[in-house]
C-alpha cells in the first residue's frame, strides 16, 4: 500500500516524507507487522517473543508503534554477561510457541548499536540461541534517512502505524 492510497487524508501526512519514503515505509511496515505479531501475548494470538532494545526511550517508541508484548532493556545496570545469561535462562534457545528464535534483537543501527547487535548475536549464538534480526536489518536498510535510532521511529509512528495495521 502506498501513502497516496490511504483513505483518510489525515493519515497521508506526506509533508514530512521524502519522495522515496512511501515505498520504504511500506517495506518496513511488513516487517514491523510480523515482529508485532511475534511479540504479542499468546492470548492475542502472538508468540510472546520478547524484543530486546537498548533503553527506556526505545521501549516507549516501540509501544507507540504498536508493540504490546514483552520488551526487555539491554541497559539495565547489569554487565553484558549477566544480560546474556538472563536472556538464555529466561527465554531458552527456541520460542516454544512458534519454534522460531526466542528473542527479537533491535539495537540502534548506528555504529554503537551495530556493535552491540553483533556482540549480542555472537554471544547468544555461542549458546546455540538464534536471534530474530529481521526488523533490525529492514530498519537499517530502509530508515537511515529518517534516523539511526529506535527512538527516532517515534516521530514516524503516525505514518507507520496505519501501514503496519494493513499488514497485520
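The values are calculated or read from the model by the stated rules, or taken from the named source; none is laboratory data. From a predicted model like this one, the values you see are computed outputs, not experimental measurements. Ideal geometry is used to build each Cβ from the backbone, glycine not excepted, and the neighbour counts take in all protein chains shown.
Name the residue that is farthest from the chain's Cα centre (by Cα), counting only residues in segment 124-139 that are surrounded by fewer than 18 Cβ atoms within 10 Å (Cβ to Cβ) and outside any loop (DSSP other than H, G, I, E, B).
125
So residue 117 ticks every box in (1) touching a residue at least 40 places away in the same chain (Cβ under 8 Å); (2) surrounded by 14 or more Cβ atoms within 10 Å (Cβ to Cβ) but one. Which box is left unticked?
(1)
Residue 115: in contact with a strand residue (DSSP E or B) (Cβ under 9 Å, 6 or more places away or on another chain) and either over 26 Å from residue 30 (Cβ atoms) or in a helix (DSSP H, G or I) (or both), yes or no? Give the steps one after another, and end with the answer.
Numbers: in contact with a strand residue (DSSP E or B) (Cβ under 9 Å, 6 or more places away or on another chain): no; either over 26 Å from residue 30 (Cβ atoms) or in a helix (DSSP H, G or I) (or both): yes.
Against the criterion (in contact with a strand residue (DSSP E or B) (Cβ under 9 Å, 6 or more places away or on another chain) and either over 26 Å from residue 30 (Cβ atoms) or in a helix (DSSP H, G or I) (or both)), residue 115 does not qualify.
Can you tell me which residues in segment 142-151 are at pLDDT 90 or above and either in a helix (DSSP H, G or I) or in contact with a strand residue (DSSP E or B) (Cβ under 9 Å, 6 or more places away or on another chain) (or both)?
Across segment 142-151, the qualifying residues are 150, 151.
Any residue that is under 19 Å from residue 129 (Cβ atoms) and surrounded by 18 or more Cβ atoms within 10 Å (Cβ to Cβ) - is there at least one of those in segment 24-35?
yes
Go through segment 143-159 residue by residue and tally those that are surrounded by 17 or more Cβ atoms within 10 Å (Cβ to Cβ) and farther than 19 Å from residue 107 by Cβ.
Counting residues in segment 143-159 that are surrounded by 17 or more Cβ atoms within 10 Å (Cβ to Cβ) and farther than 19 Å from residue 107 by Cβ gives 1.
Step by step: first the residues of segment 48-85, then only those that are without any contact (Cβ under 8 Å) to a residue 24 or more places away in the chain and closer than 19 Å to residue 28 by Cβ, then the one that is surrounded by the most Cβ atoms within 10 Å (Cβ to Cβ). Which residue is that?
Per the stated criteria, the residue is 59.
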